[in-house]
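What follows is a short report on a single structure.
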Amino acid sequence: MTSRFNVVVDSVGVASATPDEKQPYAELGLKEDEYERIRDVLGRRPTQSELAMYSIMWSEHCSYKSSKVHLRQFARKNPKTDRLLAGIGENAGVVAVDDEIAVTFKVESHNHPSYVEPKQGAATGVGGIIRDILAMGARPVAVMDSLRFGDADHPDTARVLPGVVDGVGHYGNCVGLPNIGGETVFDPSYQGNPLVNALSVGIMPRRRLQSMQASGVGNAVILLGAKTGRDGIGGVSVLASATFDEDGDADSRPSVQVGDPFTEKLLIESCLELFDAGLVVGIQDLGGAGLTCALSETAAAGDGGMHVDLERVPLRAAGMEPHDILASESQERMLLIVDPAHAETVLKRAHRWGLLATEIGTVTDSGRLVVDYHGQTVVDVPPASLADEGPVYERPIAEPNDRALVAVDRAETLSRPSGDDELRQTVLDMAASPNLCDRTWVTEQYDSSVFGNTVLAAPHDAGVLRLDERTGVGIAISLDGNGRYARLDPYSGAQSALAEAYRNVATTGATPIAVTDCLNFGSPEDPHVMWQFERAVTGIADGCERLGIPVTGGNVSFYNQTGREAVHPTPVIGVLGVIDDVRGRIPVGLGEAGDTIALLGTTAEELSGSEWAWAAHRHLGGVPPKVDLDHEMKLAELLARLASTEQIAAAHDLSEGGLSQALVEAIMRSELGAQVLLPEGVDPFTYLFSESTGRVLIVIPRGQEVAVRGACEQRGVPITPLGVTDSSTDGLHLRDHFDITRDDLAAAWKGRIGAGLGE
Amino acid sequence: MSGVVPEERRDRGTGARVGVVTFPGSLDDRDAARAVRLSGAEPVSLWHDEAALRSVDAVILPGGFSYGDYLRCGAIARFSEVMGLIADAAKSGLPVLGVCNGFQVLCESHLLPGALVRNAHLRYRNRPARMRVETAKTAWTRAYGEGAEVVFPAKHGEGRYVADEATLDELESAGRVVFRYLDNPNGAMRDIAGVCNEAGNVVGLMPHPEHAVEALTGPSTDGLGVVASVLAHLNEGAVR
Amino acid sequence: MARVVVDVMLKPEILDPQGEAVLGALPRIGVNGVSSVRIGRRVELDFDDDATDLERQTRIIADKLLANPVIEDFHISVAAEDAA
Amino acid sequence: MARVVVDVMLKPEILDPQGEAVLGALPRIGVNGVSSVRIGRRVELDFDDDATDLERQTRIIADKLLANPVIEDFHISVAAEDAA
Ligand SMILES: Nc1ncnc2c1ncn2[C@@H]1O[C@H](COP(=O)(O)OP(=O)(O)O)[C@@H](O)[C@H]1O
Ligand SMILES: [Mg+2]
C-alpha cells in the first residue's frame, strides 16, 4: 500500500451509519429515480463500490435499457431450429454445423474508443470480441471488421483510418487470427463518429460448450490473465475525486485501454487447455465493465451467491481503491469458476503459459454478491439486481417529418451520362470512387492465412474457412451494412443489409444458417433515432423470420452522434453459412476463357441511395431498392445447388455500384477480359448502375449453360446471358458501346485509398 | 511454378521426425506441423521451456510473435530453454529452418548473420512473394532446381533484412543467399528473403512455405519443396 | 548542428505490454532485482546550425507528430553536441 | 527505487525509415530547420531498493536483450530518483 491510501473505505457499515451522505450518482450517469431504486433494493444508500457497479451495469452499454423492448422481437420471431445451441443473452450465439462441430460468432462495436485513440481503440475492440468467443468454449479461428469513416479526403480520416486499420491488424495478426473480410465505407455522416465493428468466429466440439454460471457452492472464483490497472475507469473516477489527495490527479486517468494481443493469445491457449481437461465449471470474459460485470453476471446466472476478497486481485497500479478495481476495464482477463479440488491444477496450467492466475473468491448460496476489501465488506447486493434487473425504458418514438419529402427526392431524376464516352467514363469514375475502389490498402495489413484453413478472404464475397481437414466441412461469413439505404428507409435498409450478407454467403456456395448484428445509431433520447432503431430491428427480425435463420446475438451502439447530428442509422449484419465441402467454394473471377457470363435476378430502375447518386451528385434521397426475400431464398438455394454440382466457375454478388462494379471486380480478379452484350431494349446506364437487390453475376463453364438455365427456370430465378470470358481482350468490352483496357481499369480502381490519405 | 517438387518425393514416408517449436506467441506452429505431415514426415511439437529435443531429425521455428515480439522480434525467444539445445545441435549439423519470426529468432541467436528490421514502408504487409531459389545446396532447398521461381505468402511488419556490406558480400560470394525476392516487399537489402549458415543446415526466410502447401488455401504448393528437401537431406546425408 | 532529444513515454497508468514482456524475460537472463520496465521512444532531432527557437519548434513537433497525447507524455532535452 | 535508463539507437549506417518518415512530415507542420531525425527506444528500468551493482546488471540486460549489436548501439544512464 502506498501512503496515499489511508482513507477509510466506504464499507457497508459506513454506508448504513451515514445514510444521508451525498453521492455523485448524477455524475455517474444515473437518474434520480434509478438512484432511488438502488436505495430500495439495498435498503440503505449504496457504498461507493456499489454505486460504481450499479452505474456501470445500469448504463446503456451494459443494460440495453433503451433497446431491450425492441430486441425482444428477435427472440419472438426467431425461427425454430435445432442448430441453435446458445442464443441471445449468451456471450455469443452458438450454432451446430454438424453432429460434432459447433460454431460461435458475434459482431461488436468499438466506435467511440476508436475515434479517441484509433489504433488502440480498434485493437481492443478486436480483443474484446475474441474473448466473447473464447468464453463460449470455442477456439477463435477468424476475425472480420466493418469500418466506416468520414469522407475519404477529410484530414481527420487520414488520422483515424490508418490508426484503426493498424489496430485491427496489429491485434488480429499478433493473436494469430486470419482476417477473412469486412467492409470499408466512407460517408460524411461518420465524420467525428467512425464505426468500428469487429466480428470474431470460433469453432468447438459441441460438447465443449461453456456456461457463464457461477454454480456449485464452494467452487473457487479465479481471475486469469492480465493485472488490473486504471484502464477505462474514466466515469468512475468521479468517486475518486473526493478521496484522493491533491496530487492524485484523477482527471488524467485515461478512458483509453491498450491491448496486449500476446497475453490474449496465451489466454486463448490456456483456456482451451483447461476446457479440454474438463477443469472449468463456468467462465466469463471481462469486457467493457470489467470485474463488475463478470462477477454479477456469473453470480446471477449461477447459484446466486459469491464471495470475493478484492485485495487478492493483482494490481498494476498503486493506490487503486475498491471501486477502481471493480470498474477497471483492463484487457485480457477472464473469470473462471473451478472446483476447489482443481484450483491448484488450474493455477499451475496457467503459469505454464506464463499467465497470472489468482483465486479471488468462492461461490456461495447466500443469494448475495459480497465483496470484501481487507476484511471490510464494500459490496453486498443481490447480483440479479445488477445483471438482470436494470432499468428498462420505452423511449418515445417519432417518425421524422421529412420522410415524405425525402421519398420524392428521387435519384432516378438526376442527370445521367449521355453517350458512350460519358458512360465509359462513369464506369471508370465509379471504380475509382472511395466506396468502390480497391481495398488492398486495408486488407494487405491483415494476416489472412494463419491457421492454414482460409479458403476465401478479401476480396471475395464472403470469407470461407475450412473447419475439418478430413471432411472438408466449412463455413462462410459476410458482414454488410448500408447506412444510406437505412437512412432513406430503416426497415428496408436493414433488410437490404441482411439480404446482401445472406446473398454474399450464398454466392460462395454456402447455405446461410445464422445471423449476428451490430446496430449503430445516434442518441436513443432522440425520438427520431428511436424510430429508426425500432424500424431497423423490426426489419431484421421480420427478415430473419422470413429467411428462416435466427439472430443469435449482437450488439447495440447508441450515441453515435456529434452534437445533434446522428450518423446514418447503420445496422451491420453478419450472416454465417455452412458448406459441406470447401473444395466446392465459388470465388470471384471469370473462370476460363470461353465461359459464359450471365446475370441472375432482375434489374429495375433503382438508383435512389445508390453509389452512383452519391458519387456523381452527392445525392441522397428517394426510396432505396426493394428487397424480395423470397427471391433471395430461391437464389441462395440455386447457388448452393450449382456449386455442389460444379456448374458454376465463379460468381460475384451485385451490390453498391451495380453490374458495372461487379464486372470490374471480376475482371480485376482474373487474367481474362469480359465480352459483354447487354440485353436488347435495356437502358445501358440503368442496367449498369442500378442497385436492384437479388442479383448475382455468374460464370458458367462451357457445356453447362443448358443445365444452369434449366436449374434457374425450375426455381423461377431469372437468368440473362451477358457474354463470354475472353483471353483476346483483357478488359471490359461492352459491345456497341465502349472498350476499357485492363490497364485503364486498374489505374482507376487501384490506389485510391492511399491517395486520399495523402500518400 | 508448382511442380518444383517431384510428386514421388512429396509423399515419401521417411519416418523422419521434424520438430516444430512452440513459443508463447507462436502462431504458425500448427501450419508448420501440417506442412510436415503433408510431406510424409512426422511433426513433433517442442515446447519452448523444456530442454528436450525429443530425438527429432530436424527443427522448424515457426512464424508468429514469440513472447509478443514487443522489444525486437525474436529477442526474447532466443533465451528459451529449447533454443539453447537447438543452437548447439545446429552447430553439429541438425537441420534448422526459421520462418518469419523463426528467422528473426535465428538472427537474434546469431545462428544466422544480419538482422530483420521494420519494413521500409513501415507497415505490416501481407501479399504473395515471388522469389528465386538461389541455391539448392542447403538442407532445406535441395529439392528445388537452382534458380527455380517459387511463390510463398509473405506477411510481416519487420522483415527487412539488413547486414553490413562486408557480411552481405560474404553471403553472396559464399552462395549463402538462399531466397531472393523478385518483387521486394519490404526494402530488404539486396532483395534478400532468406539466408543460410556456412554449413547450409540452418536456413531462415521471411515468407511462409508452410502456407503454400495446398492449392485450396495457398497461392501455390511450392512450399512442399522445403520439407521435401530436408527429408531428402536426411535420407542421403549432408550435401556440403 | 544542434541536437534536441524528445523522450516519449506511455503515461504511467497506461499498460505497457512491451515493458511487461521484457520484465518477464529478465529472469531468463539471470536478472532478478528489477521491479518495473517501461519502454518508450527516444527521438533525436538534429537542427541546422542556423535554426533558432529550437525548444519551441521541438515542442510543436512533439505535440503534433511524435507523441499521442491521449496515451503518451513527452520530455524535451537539448543534448550535448554529438561527438561521433 | 533506483531508475536506470537505457537508450537504444539504430547504428548510424542503418536506414531508419521511421525517422525518415517523420523528417518528411515536418514541412507539413511548418517546421523546416531539421536536418535529421532518428528514432530509437528509451527503456526505463526500476530496480528494487536493495538491488546492487546496477550498472553492471543493466549492461548485461542491454547487451543481451535490449539491443541487437548487429544493428543497434546503446547508452546507459542512471537517472535521478523518480519523485512521483
Ligand atoms: N475492413 C476490411 N477488412 C477486411 N476485409 C475487407 C475490409 N473492407 C473490405 N474488405 C473486403 O474487400 C472486399 C470488397 O468489399 P465490398 O466491396 O464491401 O464487398 P461486397 O460489396 O461484395 O460485400 C470483400 O471481400 C470484403 O470482405
Ligand atoms: Mg458490401
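The values are calculated or read from the model by the stated rules, or taken from the named source; none is laboratory data. Predicted model, so just to flag it, every value in this text is computed and none were measured. A quick note on method: Cβ atoms are made from the backbone with ideal geometry, for glycine too, and the neighbour counts reach across all protein chains shown.
Annotations
- For A:A92, the conditions (1) of a type in the set (G, A, S); (2) buried (at least 24 other Cβ atoms within 10 Å of the Cβ); (3) within 12 Å of another protein chain (Cβ to nearest Cβ) are fulfilled apart from (3).
- Yes/no for A:G121 being in a helix (DSSP H, G or I), within 16 Å of ligand 1 (Cβ to nearest atom), away from chain B (no Cβ under 14 Å) and touching a residue at least 40 places away in the same chain (Cβ under 8 Å): yes
- Every residue from segment A:467-515 that is under 17 Å from A:R583 (Cα atoms), within 16 Å of ligand 2 (Cβ to nearest atom) and of a type in the set (G, A, S): A:A476, A:A506
- Hits in segment B:52-73 - residues which are under 15 Å from the mean Cα position of the chain (by Cα), away from chain A (no Cβ under 14 Å) and among the small types (G, A, S): B:A58
- Qualifying strands (runs of 3 or more DSSP E) (wholly inside segment A:642-739; at least 2 residues being more than 16 Å from ligand 2 (Cβ to nearest atom) and either in contact with a strand residue (DSSP E or B) (Cβ under 9 Å, 6 or more places away or on another chain) or within 14 Å of chain B (Cβ to nearest Cβ) (or both)): A:673-676, A:696-700, A:719-726, A:732-734
- Enumeration of residues in segment A:172-183 that are under 21 Å from A:P113 (Cα atoms) and more than 11 Å from chain B (Cβ to nearest Cβ): A:G182, A:E183
- Residues that are exposed (fewer than 13 other Cβ atoms within 10 Å of the Cβ) and touching a helix residue (DSSP H, G or I) at 6+ places or on another chain (Cβ under 8 Å), drawn from segment A:707-728: A:G716
- Checked against (1) modelled with pLDDT of 95 or more; (2) farther than 25 Å from D:D16 by Cβ, B:N235 passes all but condition (1).
- Restricting A:E646, A:E680, A:E691 to residues that are within 25 Å of A:D736 (Cα to Cα), away from ligand 1 (no atom under 16 Å from the Cβ) and either of a type in the set (D, E) or not assigned by TED's automatic domain parsing to the domain that holds A:R742 (or both) narrows the list to A:E680.
- Single condition B:G200 does not satisfy, out of (1) within 14 Å of chain A (Cβ to nearest Cβ); (2) in contact with a Lys or Arg (Cβ under 7 Å, 6 or more places away or on another chain); (3) in contact (Cβ under 8 Å) with a residue 24 or more places away in the chain: (1)
Yes/no per residue for (1) over 14 Å from A:G758 (Cβ atoms); (2) surrounded by fewer than 24 Cβ atoms within 10 Å (Cβ to Cβ); (3) modelled with pLDDT of 95 or more; (4) within 16 Å of ligand 2 (Cβ to nearest atom):
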residue: A:M144; (1), (2), (3), (4): yes, no, yes, yes
residue: A:D151; (1), (2), (3), (4): no, yes, yes, no
residue: A:G163; (1), (2), (3), (4): yes, yes, yes, no
residue: A:G172; (1), (2), (3), (4): yes, no, yes, no
residue: A:G176; (1), (2), (3), (4): yes, no, yes, no
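- Being more than 16 Å from ligand 2 (Cβ to nearest atom), surrounded by 24 or more Cβ atoms within 10 Å (Cβ to Cβ) and more than 14 Å from chain B (Cβ to nearest Cβ) is a property that A:C518 lacks.
- For A:V160, the stated conditions do not hold, so it cannot be described as near ligand 1 (Cβ under 10 Å from one of its atoms), in contact with a Ser or Thr (Cβ under 9 Å, 6 or more places away or on another chain) and in contact (Cβ under 8 Å) with a residue 24 or more places away in the chain.
- Pairs with Cβ under 8 Å, 6+ apart, first in segment C:38-64 and on the phi < 0 side of the Ramachandran plot, second of a type in the set (F, W, Y) and buried (at least 21 other Cβ atoms within 10 Å of the Cβ): C:I39/B:Y70; C:L54/C:F47; C:Q57/C:F47
- Breaking point among (1) modelled with pLDDT of 95 or more; (2) more than 16 Å from ligand 2 (Cβ to nearest atom), for A:L199: (2)
- Residue match in segment A:521-544 (condition: at negative phi, within 16 Å of ligand 2 (Cβ to nearest atom) and under 20 Å from the mean Cα position of the chain (by Cα)): no
- Among residues of segment B:73-107 being charged (D, E, K, R) and surrounded by fewer than 24 Cβ atoms within 10 Å (Cβ to Cβ), the one that is nearest to C:V37 (Cα to Cα) is B:E81.
- Residue count, segment A:438-456 (criterion: closer than 19 Å to A:D166 by Cα and either within 10 Å of chain B (Cβ to nearest Cβ) or basic (K, R) (or both)): 11
- In segment A:407-429, the residues that are surrounded by 15 or more Cβ atoms within 10 Å (Cβ to Cβ) reach residues that are outside any helix (DSSP H, G or I) and hydroxyl-bearing (S, T, Y) with C-beta atoms within less than 7 angstrom, at least six apart or across chains, in these pairs: A:R410/A:S608; A:A411/A:S608; A:A411/A:S610; A:E412/A:S608.
- Test result for A:L547, hydrophobic (A, V, I, L, M, F, W, C), under 30 Å from A:V406 (Cα atoms), more than 16 Å from ligand 2 (Cβ to nearest atom) and at pLDDT 95 or above: yes
- Residue that is farthest from ligand 1 (Cβ to nearest atom) [pool: residues in segment A:130-157 that are within 14 Å of another protein chain (Cβ to nearest Cβ), in contact with a strand residue (DSSP E or B) (Cβ under 7 Å, 6 or more places away or on another chain) and not hydrophobic (A, V, I, L, M, F, W, C)]: A:R139
- Tally of residues being at pLDDT 95 or above and more than 14 Å from every other protein chain (Cβ to nearest Cβ) across segment B:17-40: 4
- Hey, B:V82 within 14 Å of chain C (Cβ to nearest Cβ), within 30 Å of A:G167 (Cα to Cα) and modelled with pLDDT of 95 or more or not: no
- Cβ separations smaller than 6 Å between residues 6+ apart or across chains give the following pairs from segment A:491-512 residues that are within 14 Å of another protein chain (Cβ to nearest Cβ) to residues that are outside any strand (DSSP E or B) and within 11 Å of ligand 2 (Cβ to nearest atom): A:T508/A:D461; A:T508/A:A462.
- Strands (runs of 3 or more DSSP E) contained entirely in segment A:462-573, each with at least 2 residues that are within 16 Å of ligand 1 (Cβ to nearest atom) and not small (G, A, S): A:463-466, A:474-480, A:511-520
- Qualifying helices (runs of 4 or more DSSP H) (wholly inside segment A:8-73; at least 2 residues being among the acidic types (D, E)): A:32-42
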